[in-house]
Amino acid sequence: MSQLVIRALRVLLILIALGALGAQTVIVFVVATHPESDLADRAVAYAALGVAAIACVEVALVALWVLLSMVRRDAIFDERAFRWVDVITVAGLVAAVVVAGLCAHVGEIDDAPGLVLIGGGVAIGGAAFALLMVVMRGLLRSATVFRRELDEVV
């Protein structure tokens with residue numbers, strides 16, 4: 001893979017991570033400075049769930065960074081890569097479940113059917129992402145087996 005592509009992707013991962021960190025900061029700041037909202041009694045729990053969902057994205061970004069490092073070293077066809085793909089899969093699924101549950105709960109309490117639909121969409125998107133990662137893991141497994149066989153032949 002081109003070094004330019006890897007560098008560009010790393011810059012984008014850093015930007016996404018900074019945005020995620022900024023979002024977590026804003027969530028905590030808003031909850032700390034606006035205690036008079038309608039859902040003030042649940043605001044801390046909602047904020048904690050929001051921060052946790054964003055933390056799942058940050059964990060997936062770290063795993064992507066490690067996988068990029070493996071690609072750069074031409075070591076992606078290694079058993080260690082599967083662990084990082086699994087981390088991305090689980091982090092994406094957990095984030096989707098947390099966001100969907102939060103949207104469904106707040107949507108029911110606030111009588112906001114649109115928010116419930118958004119939560120359902122996030123759940124479907126998260127499930128699709130997790131299944132896509134399972135497929136990608138299978139492709140990586142096949143490529144790893146083919147690489148080993150090719151190394152034995154050569």
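The values are calculated or read from the model by the stated rules, or taken from the named source; none is laboratory data. Note that this is a predicted model, so its numbers are computed, not measured. For neighbour counting, all protein chains shown are included, and Cβ atoms are generated from backbone atoms with ideal geometry for every residue, glycine included.
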Inset, instruction - Considering only region 72-119, state which residues are assigned to a loop (DSSP other than H, G, I, E, B), in contact with a helix residue (DSSP H, G or I) (Cβ under 9 Å, 6 or more places away or on another chain) and within 17 Å of Y46 (Cβ to Cβ). - result: A112
Inset, instruction - Check region 49-62 and report whether any residue there is assigned to a helix (DSSP H, G or I), surrounded by 14 or more Cβ atoms within 10 Å (Cβ to Cβ), in contact with a Lys or Arg (Cβ under 6 Å, 6 or more places away or on another chain) and at pLDDT 95 or above. - result: no
Inset, instruction - Give the residue that is modelled with the highest pLDDT, with candidates limited to residues of region 11-48 that are more than 22 Å from A95 (Cα to Cα) and in a helix (DSSP H, G or I). - result: V11
Inset, instruction - Could you grab the pairs with beta carbons closer than 8 Å, sequence gap of 6+ or different chains, first residue in region 48-76 and closer than 24 Å to R148 by Cα and among the basic types (K, R), second one at pLDDT below 90 and not in a helix (DSSP H, G or I)? - result: R72/M1
Inset, instruction - May I ask you to say which residue of V90, V135 is under 12 Å from the mean Cα position of the chain (by Cα), modelled with pLDDT of 90 or more and surrounded by fewer than 18 Cβ atoms within 10 Å (Cβ to Cβ)? - result: V90
